[in-house]
1. Within segment 115-138, restricting attention to residues that are hydrophobic (A, V, I, L, M, F, W, C) and under 11 Å from the mean Cα position of the chain (by Cα), which residue is surrounded by the most Cβ atoms within 10 Å (Cβ to Cβ)?
2. Can you find even one residue in segment 153-170 that is over 15 Å from the mean Cα position of the chain (by Cα) and on the phi > 0 side of the Ramachandran plot?
3. Answer yes or no: is there a residue in segment 180-188 that is surrounded by 20 or more Cβ atoms within 10 Å (Cβ to Cβ) and on the phi > 0 side of the Ramachandran plot.
4. Out of Arg171, Arg165, Arg199, I need the residue that is at pLDDT 95 or above, touching a strand residue (DSSP E or B) at 6+ places or on another chain (Cβ under 8 Å), within 16 Å of Ala139 (Cβ to Cβ) and of a type in the set (D, E, K, R). Which one?
5. Of the residues Ala173, Ala178, Ala108, Ala161, which is touching a residue at least 12 places away in the same chain (Cβ under 8 Å) and farther than 16 Å from Ala28 by Cα?
Amino acid sequence: MVIRCATVSARSGKRSAIGGLLGLLLGAAGVGSIALLVGPTASTSSQQDPPPGAPRSGPGPGPGPSGAPGGPWPTTATTSGLAPDSPAPASSSPTFPQDPPPLDVVQADRVVRLVNQARGAAGCAALGVDDRVVTAARAHSADMASRGYFAHTSPEGVDFATRMREAGHPRPAGENIAMGQRSAEDVVGAWLDSEGHRRNILDCSFTTTGVGLDTRGWYWTQNFGR
């Protein structure tokens, strides 16, 4: 596997790249400029970031419905000349367990928790989850999985900043992507071991995030906003 990351400076628009193979595919994009290849499959990119290909993951459905409660049980009461009967116990309604959340949602939430743990250790505030950023991240993971590419920029040239703005978020800041890791622990560990991805995770100016996973190839996308 291969790891890639690239970032673009808002001032210079320049991009640099550092290559390396370790056994994982990663990609990062954001403020500053960097590109590198390391470990399992992950990548960071920005608006001008060139994409290497590889398959992996997307969003999943929300939690399943819960059962509706049944009607009350019938009750009776009797009286005697000596003393009234005790009141009948209140009726209870049957309940049904909720379906567990889908795997992609569980793992995406876990990524946010692990990233915020790393930010806390570095003195940065925790990122808030923004539904608009989640929408952009899920859509990109699903698109990579459906069309079998691995890159920050789509085959049509749409980059992460455009995707985030189209989802309604006005201040896109960065993106990390990965492919092949089967758990949140694995993908966050891979990102933290990569300079470009780690820079995005520990950028204290970032305030919002959203994660999308498509398990058809285990494609991960984490977007960051301000």
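1. In the first step, residues of segment 115-138 are kept if they are hydrophobic (A, V, I, L, M, F, W, C); the result is 115, 118, 121-122, 124-127, 129, 133-134, 136-137.
From what is left, the residues that are under 11 Å from the mean Cα position of the chain (by Cα) are 115, 129, 133-134, 136-137.
Working: Val115: 26, Val129: 15, Val133: 28, Val134: 23, Ala136: 27, Ala137: 31.
Filtering segment 115-138 for residues that are hydrophobic (A, V, I, L, M, F, W, C) and under 11 Å from the mean Cα position of the chain (by Cα), the one surrounded by the most Cβ atoms within 10 Å (Cβ to Cβ) comes out as Ala137.
2. There is at least one residue in segment 153-170 that is over 15 Å from the mean Cα position of the chain (by Cα) and on the phi > 0 side of the Ramachandran plot.
3. Yes, segment 180-188 has at least one match.
4. Arg165
5. Ala108
The values are calculated or read from the model by the stated rules, or taken from the named source; none is laboratory data. None of these values were measured; they are calculated from a predicted model. Methodologically, a virtual Cβ is constructed for each residue, glycine included, from the backbone with ideal geometry; neighbour enumeration extends over all protein chains shown.
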